[in-house]
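The values are calculated or read from the model by the stated rules, or taken from the named source; none is laboratory data. Quantities reported herein were computed from a predicted structural model and do not represent experimental measurements. All Cβ positions, even for glycine, are placed from backbone atoms using ideal geometry, and neighbour counts span all protein chains on display.
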Amino acid sequence: DISPLFALGLALAPAVIAWWTGRSVLARADDPVLPELLFERRRRLAGFTLVGALAVTVLFADDALWALPLLWIALLVSSYPLRRALFGERWSAFAFLRYAIFSAIGQTGVWLLAAFAPALVTSLAVGVAPNNTQAAVRVALGSGAAFAAVILVWQRQYVRVFLALHRAAPLRTVARPELMARLDAILDRAGSALTRPPEIYRYGAPGGYVMNAFAIPSLSHPAVALGDTLLATLTDDEIVAVFAHEVAHHEQFAARLRRARAGGLLLAALTAVLPALFVSTWPSAATPVSWCIPALIAIMLAKRTSRRRDAETASDARAVALTGDAGALVSALTKLHVYSRVPRRWPHAVERAATHPSLARRIQAIRERIVGEDRMELPVAASITAVRSPTTGVVVALDRDRAYWFEGVPAETALALATLREAASSYRAVAYADLTEVSVGVAKGGRSVAIVFVLVRPTLTAAVAVTAAVTIARLVVAARVVLWADPVRQLALLVALSIAIALTVHTVRRVRTDASRGSGQRLTREAWWLVGGLGSIAAVMGASLWPVAAERPAALISHPLAISTAIMLFGLGAAFLTVSQRWWRAVGFLTSFAALGGGVFLSGDGWLIHRLPSLAWSAARVTPAGMVRIAGGGLSLAASPNGSAFAVTQYHAPRRGEAGSARYLIGRLADSAARPRTSDAMKLVFLDDETVLALEAHGADSLELRAERIAADALGNVPILWRQRFPLIEEPQLMIDRAHGSWIVVGHGDGDWSIVVVTDTVGGKHPKTYRRLGSSSQHVGEPMAQPLAAFSDGGAVWSTFAHLRGARNAGSSLMPMLMAMTASARWELRGTDAAGDRFLAELEGFPSCASEIDGRGTLCVEHSPNVSRVWRAMSATTLARVADLPPSLDLVHAEGIDRVAAAERFGSRIVVLDAAARNAFRLTLPNEGAARTGTRWIADVVARGRYVLVLSAGRDGATINRYEMR
């Protein structure tokens, strides 16, 4: 029986996912949106865990008793490295695990025991006496009574058990007398509202992060427990405020404790009686019915969630009344959230299901209840900006002093502030005076924007906030968190799909086993059908990969068809395991094991094999340093070496009878009032900060290269410093070799597919021409060749679709067909010089190269939805991989010798790579002004010196913003 192995895999899968995602979060530990990243990670991880637990319970019920605890313990172990790094914990992994388990038992153990005791007792009774109902009933009664007694004792001693498992001790033995005096004063103020004053404890373990406080209810021994980290971090005023909040909970408990004790007695009685009732009434279905009780108890506890949220809000208000210091409570709550990396605001759906309101809602409620202070409901401004979201019932409004988020608004409600307040089921508001930053960015898909409000200290003026209101007019508002891709995403996909295939095969096997009632012949026939189907698919995929493996086995690394073949072979091995013969099961085990190992190896590019030295990541600030508006949009951006001048390519609309073409707009950022001049050049590069090299067609059979000044003279004429003409080259690329002071043009020969390189020194009169490859297409791949870069010695680097070369050979067309069908096209990077043509690398993403080279070569980049890599071509024969960037960045641009810039097309996050120093900087663009009234996106980004230039486009034209990195 292999079901325990699958149950083991399901139990460990959430922990593996938690470990992987934790590594990516740690890489962004200094990110300003770290709390949101952690919150989103926890939310998704909860979904994975729930699915895993349900799968174990439903598919492997016999293994659930050990698999579910293993799932939980594995999750705890996987969270240890992240906690240690984020919170500075010093305890060992074993100490953390022991404390976490004991803490969970102390908080929820009695409820878990009450929920699962009927099922455990019923399973025990049915297992001991499966064919004797009377004996099973006696076992159920005895075992149920024992469990009921344990539950009753535990409920009565709940406080002592909780304190012991949390290593609690009386606070009076360690706290300062003045602090204890203030805490006792709170108890005195509560007075008769408390049935019995609670004892005060501290709890926690050495080296651990324990930033919490508990009100532990009891009729005989109530207690308040304050975490060690909380006591060491908060001021006395804040500790008193938190204590008053917990005392307020005890005031609420007074009316409910007797009902809770009666409910506990009833629960214990049901634990004693229900198993025997199930066994005697439904002997065959007793066990399944008993397993429904945990679900019923979970539903009952979930219904208490909304009451708990109301209780938290009421306790905040009572704490303010007991202390008379609302500021201390707000400060304490803020520190609890900041130090614990919890977001200030939560999505509405999450907040509705949570036991506590979000920090923003709690602070809002505190302010609204303070008599004599400025309430959140201010007079309605003369005019507001209100926007309806695609999410039904959500409206965002901004007036002169505040931003509002309304939920539950009927569709016909007028967009007036007073009307929205009355019609909304809930709303949140934030004052502009509390803001330090308003960041607006377009979300992916282009249909919504995200507004990020940072509330730390009152430094942002209302005028800036109104600017944000104008900016988001007529746009749709939505919250977003951008998660950077994990570098081992492919391995995660492999494991997930492998487990899914194995589970499917095994589940079908079990279902058919139950249905056939031992029909081995029928099962064997179906197993062989399954083996045949999976084997055929794997054979076709393997045949398509054979030319690649025969020519270059290393090209299989990260190859999508190779990884898919490994997944299919894993499923084939699992199918063999369903065959009754032992020999075939051994074959299946070896096949699955080999496929899994091979898949891990094939998916290990960058972390298992071909490992690169880590980049030094850091966050940098940017400040605006110039802006130019351009009518007509923009396609791509180039900049001068120090970032003072720019060149933007635009699509020139065709006239009647003519084809459309591209043109350049050239100008300076320092003179935003001056109109940029136009150029009809085919290619353009900056020679320095005053001069550009422009390549234009001259007649039908030649090209002209000119050195021009960036700015026109007083008469509007462009000063030309030098010009050179040479024969026509198709699809030319223009480059500057700064080491040799020369220019290089590379492209296809006129009318053939040869690679032609023309080069000379700047100002020279005798260019050299090199012709590489044949003058006719020898391979199918040559017509697809795209020159990327060239060198002064006549060598060139070019790209073509992978595995198209030699495709005229019989039987080799299967690979291109499968690549096209699976949308997994790949590119070959090849080099050619006087010695001939040679293979350099196989790329998953589309390649491009910078327009500048020096003695170290030139930088090239590849980008696809899965990878973003940076390469350095030192010559036509030497290529080295420099770095990997997050694939979530849509734009990757190599400009200059060592700089690479990458950006989100719909967002505000940018990465700048210094390839020489192996430093990478994370940048977040600030709000770019109030003039944006339509949807915009980033068209290109360039890093030059200490500047980053961003070309953003929209319906109202293009804008170049220059930012200085600090």
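From the list PHE576, PHE593, exactly one residue is among the aromatic types (Phe, Trp, Tyr), over 35 Å from the mean Cα position of the chain (by Cα) and more than 30 Å from LEU840 (Cα to Cα). Which is it?
None of the others qualify; the one that does is PHE576.
Please verify whether segment 170-184 includes one or more residues that are surrounded by fewer than 16 Cβ atoms within 10 Å (Cβ to Cβ) and among the acidic types (Asp, Glu).
Within segment 170-184, one or more residues are surrounded by fewer than 16 Cβ atoms within 10 Å (Cβ to Cβ) and among the acidic types (Asp, Glu).
Within segment 572-600, restricting attention to residues that are hydrophobic (A, V, I, L, M, F, W, C), in contact (Cβ under 8 Å) with a residue 24 or more places away in the chain and part of a helix (DSSP H, G or I), which residue is nearest to ASN919 (Cα to Cα)?
VAL600
Taking the options ALA883, ALA902, ALA876, ALA850, name whichever one is farther than 17 Å from VAL948 by Cβ and in contact with a Ser or Thr (Cβ under 7 Å, 6 or more places away or on another chain).
Only one candidate passes the filter, namely ALA876.
Test SER143 against the criterion of being of a type outside the set (A, V, I, L, M) and at pLDDT below 85, and give yes or no.
No, not satisfied.
Based on this model, can you work out whether ARG830 counts as under 23 Å from VAL948 (Cα atoms), charged (D, E, K, R), part of a strand (DSSP E or B) and not assigned by TED's automatic domain parsing to the domain that holds PRO553?
no
Quick one: which helices (runs of 4 or more DSSP H) lie wholly within segment 178-293 and hold at least 3 residues that are of a type outside the set (Phe, Trp, Tyr) and over 43 Å from the mean Cα position of the chain (by Cα)?
Of the helices (runs of 4 or more DSSP H) lying wholly inside segment 178-293, those with at least 3 residues that are of a type outside the set (Phe, Trp, Tyr) and over 43 Å from the mean Cα position of the chain (by Cα) span 257-281.
Is it the case that ALA902 is in contact with an Asp or Glu (Cβ under 7 Å, 6 or more places away or on another chain) and crowded, with 24+ Cβ neighbours inside 10 Å?
No, not satisfied.
Which residue out of ALA953, ALA880, ALA876 is assigned to a loop (DSSP other than H, G, I, E, B) and more than 24 Å from the chain's Cα centre (by Cα)?
ALA876
I'd like the full set of residues that are over 20 Å from ARG611 (Cα atoms) and at pLDDT below 75, limited to segment 551-578.
Of everything in segment 551-578, those that are over 20 Å from ARG611 (Cα atoms) and at pLDDT below 75 turn out to be GLU551, THR578.
Quick one: which of SER580, SER536, SER618 is closer than 30 Å to LEU669 by Cα and surrounded by fewer than 19 Cβ atoms within 10 Å (Cβ to Cβ)?
Only one candidate qualifies: SER618.
Which pairs have Cβ atoms under 9 Å, sit 6 or more apart or on different chains, and link a residue in segment 139-163 that is outside any helix (DSSP H, G or I) to one that is surrounded by fewer than 19 Cβ atoms within 10 Å (Cβ to Cβ)?
From residues that are outside any helix (DSSP H, G or I), the pairs are GLN157/HIS221.
Restricting attention to segment 701-717, and to residues there that are surrounded by fewer than 15 Cβ atoms within 10 Å (Cβ to Cβ) and closer than 19 Å to THR769 by Cα, which single residue is modelled with the highest pLDDT?
In this case the residue turns out to be SER702.
How about segment 878-925: which of its residues are modelled with pLDDT of 90 or more and aromatic (Phe, Trp, Tyr)?
PHE921 - this is the single residue of segment 878-925 that is modelled with pLDDT of 90 or more and aromatic (Phe, Trp, Tyr).
Under 9 Å between Cβ atoms, which residue pairs at least 6 apart in sequence (or on different chains) link something in segment 518-541 that is part of a helix (DSSP H, G or I) with a partner that is exposed (fewer than 13 other Cβ atoms within 10 Å of the Cβ) and modelled with pLDDT of 65 or more?
Here the result reads GLY520/SER580; LEU523/SER580; THR524/SER580; THR524/GLN581; ALA527/SER580, each pair linking segment 518-541 to a residue that is exposed (fewer than 13 other Cβ atoms within 10 Å of the Cβ) and modelled with pLDDT of 65 or more.
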